[in-house]
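A quick write-up on the structure given underneath.
The values are calculated or read from the model by the stated rules, or taken from the named source; none is laboratory data. Just so you know, these numbers come straight off a predicted model, no measurement behind them. A quick note on method: Cβ atoms are made from the backbone with ideal geometry, for glycine too, and the neighbour counts reach across all protein chains shown.
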Amino acid sequence: MSDLLQDTDHAIDDLLRDLDNARATSYPLVLSMRRLTEPSETPYATLDALAVEEGYTGLGTNWVEVPRRIAVKILTHLIASDLAYPTTVVETAAAEELAGRFLAFFQTGARYFTNGACSGPYAIYTTTGEEVLGWRSISAAPFDNGVIGLSADRVGMLWAEDAP
């Protein structure tokens, strides 16, 4: 597994500030980004290492790989609303812009992973086209969901925890 190094890109701090400002009326999201010393041979150890660094539990081979278009949907929903209740926190267009800024940190060929389908008005499909039903929690919260992006030189997560 590649070592995880602090990512000093100032755009990360800008995105975190903008996420916090947009979601000021609800719980904050976790944004974590690390540089990799070398490309990951198998993604699961790297995903777990980042999750554990942020106080979560890793999922090993139970991470669900999703295409970028599904990662956009998951992230837009996480930013725009709460997990436990269908409450709009951020307008969809603004949430899509913030989701796009997160995904822009990962170059072409990046891979995206989630813990499953926690909530949202849409279906989630894996990279092989299988529908995802349910989720595996990585936190002590009743609901948690997010996306971890992985490229040759960076791993990052945008995650939500919510309680009913």
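Looking at region 87-136, which of the residues that are free of Cβ contacts under 8 Å to residues at least 40 places away in the same chain and among the polar types (S, T, N, Q) is nearest to Glu161 (Cα to Cα)? Ranking the candidates gives Thr88 first. Looking across region 13-27, not a single residue is modelled with pLDDT under 95 and not hydroxyl-bearing (Ser, Thr, Tyr). Among the residues making up region 75-104, those that are outside any loop (DSSP other than H, G, I, E, B), under 21 Å from Phe143 (Cα atoms), touching a helix residue (DSSP H, G or I) at 6+ places or on another chain (Cβ under 6 Å) and among the hydrophobic types (A, V, I, L, M, F, W, C) are Leu75, Ile79, Ala80, Ala95, Ala99. With respect to (1) within 26 Å of Gly134 (Cα to Cα); (2) crowded, with 16+ Cβ neighbours inside 10 Å, the lone exception for Thr87 is condition (2).
Evaluate the following for Arg68: is it modelled with pLDDT of 90 or more, touching a Leu at 6+ places or on another chain (Cβ under 6 Å) and surrounded by fewer than 17 Cβ atoms within 10 Å (Cβ to Cβ)? Spelling it out, it is not the case that Arg68 is modelled with pLDDT of 90 or more, touching a Leu at 6+ places or on another chain (Cβ under 6 Å) and surrounded by fewer than 17 Cβ atoms within 10 Å (Cβ to Cβ).
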